[in-house]
Amino acid sequence: MNRIGALLLWGGISGLGAAAFGVLALSRGESINAAWLLTAAVCTYAVGYRFYSRFLANSVFGLDDRRATPAERFNNGRDFVPTNRWVLYGHHFAAIAGAGPLVGPVLAAQFGFLPGTLWLVIGVVLGGAVQDFTILFCSLRRDGKSLGQMAKEEISRSAGITGMLAVLFIMIILLAVLALIVVNALKASPWGLFTIACTIPIALLMGWWMKRWRPGKVGEASAVGAVLLLGALVAGGWVAAQPQLAPLFTHTAAAITWMMVAYGFVASVLPVWMLLCPRDYLSTFLKVTTILVLALAILVILPPLKMPALTPFARLGEGPVFAGKLFPFAFITIACGAISGFHALVASGTTPKMIARESDARFIGYGGMLMESFVGVMAMIAACTLDPGVYFAMNTTPAGLAQASQVLAQAGFVVTPDVMHQLATQMGEQTLIARSGGAPSLAVGMAQIFASVTSALGGRTLTALWYHFAIMFEALFILTTIDTGTRVGRFMLQEIVGHVWPRFGETSWYPSVLASSALVVAGWGVFLYQGVVDPLGGINSLWPLFGISNQLLAAVALCVGTTILIKMGRQRFAWVTLTPLAWLVAVTMTAGWQKVFSPDPRLGFLAHAASLAASPNLDAARLIFNDRLNTFVALLFMTVVAVLIVTSLREWWLVLSRRKPALVHEASYVESAYATGD
Amino acid sequence: MWKVRMRRGTERETGDGKRETLLRRASRVARKILGAPDYQAYLEHCRAAGHGPALSEREYVAQFFEAKGKGVRCC
């Protein structure tokens, strides 16, 4: 009876999901409701979790609750702590989700809602969640070791060093692109800049509160910080309306770039409790609540999608938001949310040290990633509720818009300057044109969704307030990533240089701290500045580089996972990690190749440089330099990963042909004291 | 997969053996999700492990923040 019930239930869920996909795929022309997108996504997650992750847990990994986890064996009440799985789920999710899953889908909406959604939903079930779960499992069996350490032990020493360098470079590109998103959201926006500037004194106050005044009282400090933050948000609107005050907070993108660079340097040098930790608490708090509220609002409103399923740019590959065809660029643009290499760092960082028993890894590793994909789907919905004309006007520079004007006009994606001006006024901004980077369009989408909730509840629409709330929410956790990323980058650099010059490796030696922080900040500062002065908006060239690097990091993680599966004697299941690995290699290598060598100047860096060679423009020399730099970075990423894959292939062949013993560096088995035995 | 009925190693009791209050429990959960230091939990851990606390509250909090600064946040 029970069995029949389960059969009916899962049959029903599968059927419903399939029907929702059918509606999405077959819709042509007519506007479609977001409910179908949500249904398709949730049903796929449910089936993937129930069946595929169970197969991974039981057959592939052989999770065993009798085996004590690192949290149990090294329990120190601090970083190694057995934690309830629901609590850890929240903690893990807060660590993996950031701006990535919100921005990528918004940019990929230029192809229409269908390609991005399919990739988010299918990619996560077969790729992203598998990667997170695999790395979590591997680290769990290795005392919570990091990805780099595992690559070194399981593949080879050179693989470990290559992996570490890859992480450092990826971090630099990531920080640049995230900073660019903030700059594009805050330029010429006194309201936005005032609110974000206020977060610095608020964080300092919180830091003093929870370190000096009332040690450890994070809850109190965060509550006070959140109230002050909302105060700053409201005050921002007032400041923007004052003719004397507004100019103080109205700056060009270039000026904000310098502020960001200075901020990043200071934040990475100051003690963590002063700025970094309090900001982190504030952004975690805001992130979790806003995402929950957004989910609720979308469920209540069920907005219709104005963007078609597919736009002409999917086929033509001349999109103004970013260049390139659907394959491979849709899969590069959406990295976080479908598969994100960065998660491998979290899944081999704090989380494995807190898992109480092995079977929890399925819920936390696989389930946590499904939630991030869901965030990506919500971002896609928010972007697609915008009128396509507005969407393209916001995400493209005037130069890019002019290039694509014919296609846009044919597809009916046009908007008059009046409408854009009206929208900007409604959102409390001077202009919304050419605010590329995804954050502002997401904020407009979110503001409209939230505003229809508040007006339905009988209140005023508060659209401008919601818009700036959404901007603040994104900018806040992007700045958190910049703080922590610069700091982690600094530690890595110190460690790498420390191999050659031990004194430099001392994390408390001030000359080394200052020099390495300056180097890391300068690293991402160069790319950020290049993005800011780029006539096509910067996101155009930087976001694909970021996507490629993040996906390549995922490839590194999957190489480690495959190696471990093979060495565990589970080679018949190696397709579990090999499938996403093969896909990622195909996608990233194609994209990298096209970014470098495509003859289309809008797509290929070298072709773009060549097209500028004869230009009398004074900026041409700098733009050519940028193109060459981007070429170098793309080639570097591709080489690093090619090396790693060849090293892994060699190792697999040696083990499988029995030329080398299959030696896994797993921690030895200790019986869990939690098992009661029956 | 071996799944057995287990004692829940993640459930704590207050020192005097009473069950913790709902409020205390909620604050503990919120602290964990936020990644905030929890000195009480540390004290309970030391008691369960059978040794006195090695760190004062200030030292514990300082070390906790220091370790947190090394963690990775995702994009």
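Considered as a group, the residues in the range A:525-561 that are surrounded by 24 or more Cβ atoms within 10 Å (Cβ to Cβ) and of a type in the set (Val, Ile, Thr) include one that is nearest to A:ARG658 (Cα to Cα), and that residue is A:VAL560.
Would you tally the residues in the range A:573-605 being closer than 13 Å to A:PHE322 by Cβ and aliphatic (A, V, I, L, M)? Count: 2.
Scoring A:VAL103 on the criteria (1) at pLDDT below 95; (2) among the β-branched types (Val, Ile, Thr); (3) closer than 30 Å to A:PHE573 by Cβ leaves a single failure, condition (3). Here the condition is being of a type in the set (S, T, N, Q), touching a residue at least 60 places away in the same chain (Cβ under 8 Å) and within 14 Å of chain B (Cβ to nearest Cβ); of A:THR290, A:THR257, A:THR284, it holds for A:THR284 alone.
Would you check which residues across the range A:260-270 are free of Cβ contacts under 8 Å to residues at least 40 places away in the same chain and either in a helix (DSSP H, G or I) or in contact with a Phe, Trp or Tyr (Cβ under 8 Å, 6 or more places away or on another chain) (or both) and list them? Spell out the reasoning first.
Start the filter on the range A:260-270 by keeping residues that are free of Cβ contacts under 8 Å to residues at least 40 places away in the same chain, which leaves A:262, A:266, A:270.
Scanning the range A:260-270 gives A:ALA262, A:VAL266.
More than 15 Å from A:ALA188 (Cα to Cα), more than 14 Å from chain B (Cβ to nearest Cβ) and loosely packed, with under 14 Cβ neighbours inside 10 Å, is that true of A:ALA241? Lay out the reasoning, then the answer.
Numbers: more than 15 Å from A:ALA188 (Cα to Cα): no; more than 14 Å from chain B (Cβ to nearest Cβ): yes; loosely packed, with under 14 Cβ neighbours inside 10 Å: yes.
Answer is no for this residue.
A:LEU174 fails exactly one of the following numbered conditions: (1) more than 18 Å from A:ALA361 (Cβ to Cβ); (2) within 13 Å of chain B (Cβ to nearest Cβ); (3) modelled with pLDDT of 90 or more. What is the number of that condition? So the condition that A:LEU174 fails would be (3). Does A:TYR49 satisfy being crowded, with 20+ Cβ neighbours inside 10 Å and assigned to a helix (DSSP H, G or I)? So A:TYR49 fails the test.
Taking the range B:34-61, which residues are within 7 Å of another protein chain (Cβ to nearest Cβ) and surrounded by fewer than 18 Cβ atoms within 10 Å (Cβ to Cβ)?
In the first step, residues of the range B:34-61 are kept if they are within 7 Å of another protein chain (Cβ to nearest Cβ); the result is B:34-37, B:39, B:41-42, B:45-46, B:57-58, B:61.
The answer is B:ALA41, B:CYS46, B:GLU57, B:ARG58.
When you go through (1) in contact (Cβ under 8 Å) with a residue 12 or more places away in the chain; (2) within 35 Å of the chain's Cα centre (by Cα); (3) within 22 Å of A:VAL560 (Cα to Cα) one by one for A:ASP627, which number turns out not to apply? The failed condition is (3).
Just checking: which of the helices (runs of 4 or more DSSP H) contained wholly in the range A:298-357 hold 1 or more residues that are more than 18 Å from A:CYS384 (Cα to Cα) and more than 14 Å from chain B (Cβ to nearest Cβ)? Reasoning before the result, please.
Working: elements: A:312-316, A:326-333, A:343-347.
Hits in the range A:298-357: A:312-316, A:326-333.
Restricting attention to the range A:260-268, does a residue exist that is more than 26 Å from the chain's Cα centre (by Cα), buried (at least 16 other Cβ atoms within 10 Å of the Cβ) and not aliphatic (A, V, I, L, M)?
Keep residues of the range A:260-268 that are more than 26 Å from the chain's Cα centre (by Cα), which gives none.
For the range A:260-268, residues more than 26 Å from the chain's Cα centre (by Cα), buried (at least 16 other Cβ atoms within 10 Å of the Cβ) and not aliphatic (A, V, I, L, M): absent.
Criterion first (at pLDDT 90 or above, part of a helix (DSSP H, G or I), of a type in the set (S, T, N, Q) and surrounded by 14 or more Cβ atoms within 10 Å (Cβ to Cβ)) does A:THR639 satisfy it? In short, no. Just one of the listed residues (A:GLY77, A:GLY90, A:GLY100, A:GLY116) is within 29 Å of A:LEU326 (Cα to Cα) and touching a helix residue (DSSP H, G or I) at 6+ places or on another chain (Cβ under 7 Å), and it is A:GLY116. Restricting attention to the range A:486-497 and to residues that are more than 7 Å from chain B (Cβ to nearest Cβ) and not β-branched (Val, Ile, Thr), the residue that is surrounded by the most Cβ atoms within 10 Å (Cβ to Cβ) turns out to be A:GLY489.
Looking across the range A:138-157 at every residue that is assigned to a helix (DSSP H, G or I) and among the small types (Gly, Ala, Ser), the one that is modelled with the lowest pLDDT is identified as A:GLY148.
From the list A:ARG650, A:ARG658, exactly one residue is farther than 30 Å from A:GLY531 by Cβ and part of a helix (DSSP H, G or I). Which is it?
On the way: A:ARG658 fails: part of a helix (DSSP H, G or I).
Exactly one of A:ARG650, A:ARG658 is farther than 30 Å from A:GLY531 by Cβ and part of a helix (DSSP H, G or I), namely A:ARG650.
The residue that is farthest from A:VAL670 (Cα to Cα), counting only those in the range A:56-79 that are crowded, with 19+ Cβ neighbours inside 10 Å and more than 8 Å from chain B (Cβ to nearest Cβ), is A:LEU56. Remark: A:GLY365 falls outside the filter, which requires a residue to be in a loop (DSSP other than H, G, I, E, B) and buried (at least 24 other Cβ atoms within 10 Å of the Cβ). Are any of the residues in the range A:158-168 within 15 Å of the chain's Cα centre (by Cα), at pLDDT below 90 and either assigned to a helix (DSSP H, G or I) or among the hydrophobic types (A, V, I, L, M, F, W, C) (or both)? Yes, because at least one residue in the range A:158-168 is within 15 Å of the chain's Cα centre (by Cα), at pLDDT below 90 and either assigned to a helix (DSSP H, G or I) or among the hydrophobic types (A, V, I, L, M, F, W, C) (or both).
Conditions (1) charged (D, E, K, R); (2) outside any helix (DSSP H, G or I), marked per residue:
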position: A:ARG435; (1), (2): yes, yes
position: A:SER455; (1), (2): no, no
position: A:TRP466; (1), (2): no, no
position: A:ILE478; (1), (2): no, no
position: A:THR486; (1), (2): no, no
position: A:VAL500; (1), (2): no, yes
position: A:SER508; (1), (2): no, yes
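Out of the range A:89-103, which residues are of a type in the set (A, V, I, L, M, F, W, C), farther than 19 Å from B:LYS70 by Cα and more than 7 Å from chain B (Cβ to nearest Cβ)? Break it down into steps so the answer makes sense when it comes.
Within the range A:89-103, the first condition is being of a type in the set (A, V, I, L, M, F, W, C), and the residues that meet it are A:93-97, A:99, A:102-103.
Now restrict to residues that are farther than 19 Å from B:LYS70 by Cα: A:99, A:102-103.
Of everything in the range A:89-103, those that are of a type in the set (A, V, I, L, M, F, W, C), farther than 19 Å from B:LYS70 by Cα and more than 7 Å from chain B (Cβ to nearest Cβ) turn out to be A:LEU102, A:VAL103.
For residues in the range A:193-231 being touching an Asp or Glu at 6+ places or on another chain (Cβ under 8 Å) and in a helix (DSSP H, G or I), which is surrounded by the most Cβ atoms within 10 Å (Cβ to Cβ)? Explain how you work it out, then say what you get.
So in the range A:193-231, the residues touching an Asp or Glu at 6+ places or on another chain (Cβ under 8 Å) come out as A:209-210, A:214-216.
Pick out the ones that are also in a helix (DSSP H, G or I) and you get A:209-210.
On the way: A:TRP209: 19, A:MET210: 26.
The residue in question is A:MET210.
The residues of the range A:399-421 that are loosely packed, with under 12 Cβ neighbours inside 10 Å and over 23 Å from A:ARG602 (Cβ atoms), listed by number, are A:THR416, A:PRO417, A:ASP418. Exactly one residue out of A:LEU536, A:LEU552 is of a type in the set (A, V, I, L, M, F, W, C) and in a loop (DSSP other than H, G, I, E, B): that is A:LEU536.
So for the range A:463-485 (the condition being over 15 Å from the mean Cα position of the chain (by Cα), of a type in the set (Gly, Ala, Ser) and within 14 Å of another protein chain (Cβ to nearest Cβ)), does at least one residue qualify? No, because not a single residue in the range A:463-485 is over 15 Å from the mean Cα position of the chain (by Cα), of a type in the set (Gly, Ala, Ser) and within 14 Å of another protein chain (Cβ to nearest Cβ). Scanning for something modelled with pLDDT under 90 and more than 18 Å from A:LEU120 (Cα to Cα), does the range A:356-367 turn up at least one residue? No - not one qualifying residue is present in the range A:356-367.
The values are calculated or read from the model by the stated rules, or taken from the named source; none is laboratory data. These numbers come from a predicted model, not from an experiment. As a convention, Cβ positions derive from the backbone with ideal geometry for all residues, glycine included, and neighbour counts pool all protein chains shown.
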